[in-house]
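Only one structure is covered here, and it is reproduced in the block below.
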Amino acid sequence: MALEIHIPDHILAQLNKDWDDLPRRAVEALAAEGYRSGVLTAAQIQEMLALESRWATDVFLKSHGCYLEYDECDLVRDIAAIRKAHGE
């Protein structure tokens, strides 16, 4: 599917002057906001941007200010799961 975006010519000229690959920038911005808002998963971001690995996806997300929501309750739950898996 293709997506068409209409931007006034004078604004488009400014963006093209300052940014190398405007279409890629637009897709990246859409991907980052999709992840940040919970609409897209990391796997979908990886597919959408044709990133090579989960690590590359994590680098992309961090570089765009998209961090994993992980709190103390998540940590406690993960520690308990690890202990259970190790028979502790």
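Just flag the trypsin sites (Lys or Arg not before Pro) in segment 1-82 sitting in loop per DSSP whose Cβ has no more than 15 other Cβ atoms within 10 Å. Mind showing how you got there, number by number?
Working: sites: LYS17, ARG24, ARG25, ARG36, ARG54, LYS62, ARG77; in loops: none.
Listed in order of number, the matching sites amount to none.
How far apart, in nanometres, would the label points at VAL76 and LYS17 be if each is projected 7 angstrom from Cα along the Cα-to-Cβ direction?
Here the answer is 5.6 nm between the modelled labels.
Subtract the Cα-Cα distance of ARG36 and HIS10 from 0.36 nm times their separation in residues, and report this length gain in nm to one decimal. Please report the intermediate quantities before stating the final value.
Numbers: separation 26, 0.36 × 26 = 9.36 nm, distance 2.97 nm.
Additional length available on full extension: 6.4 nm.
Please list, short to long, the whole-number percent of alpha-carbon pairs of segment 1-52 in consecutive 10 angstrom bins beginning at zero.
The distribution over segment 1-52 is 22, 45, 28, 5, given as percents.
Quick one: what Rg and Dmax do you get for the chain from the alpha carbons, in Å?
When restricted to the Cα atoms of the chain, Rg and Dmax are 18.5, 65 Å.
If I compute solvent accessible area with a 1.4 Å probe over the protein chains, what percent of it on the chain is carbon and sulfur?
Numbers: 4270 of 7340 Å².
It is 58 percent, rounded to a whole number.
The values are calculated or read from the model by the stated rules, or taken from the named source; none is laboratory data. Remember, it's a predicted structure, so these values are computed and weren't measured experimentally. FYI the Cβ positions are ideal-geometry reconstructions off the backbone, even for glycines, and counts take in every protein chain you see. Ligands, DNA and RNA are stripped out before the accessible areas are found, and what is left, the full protein with its side chains, is counted by its heavy atoms. Shrake-Rupley method; radii C 1.70, N 1.55, O 1.52, S 1.80 Å.
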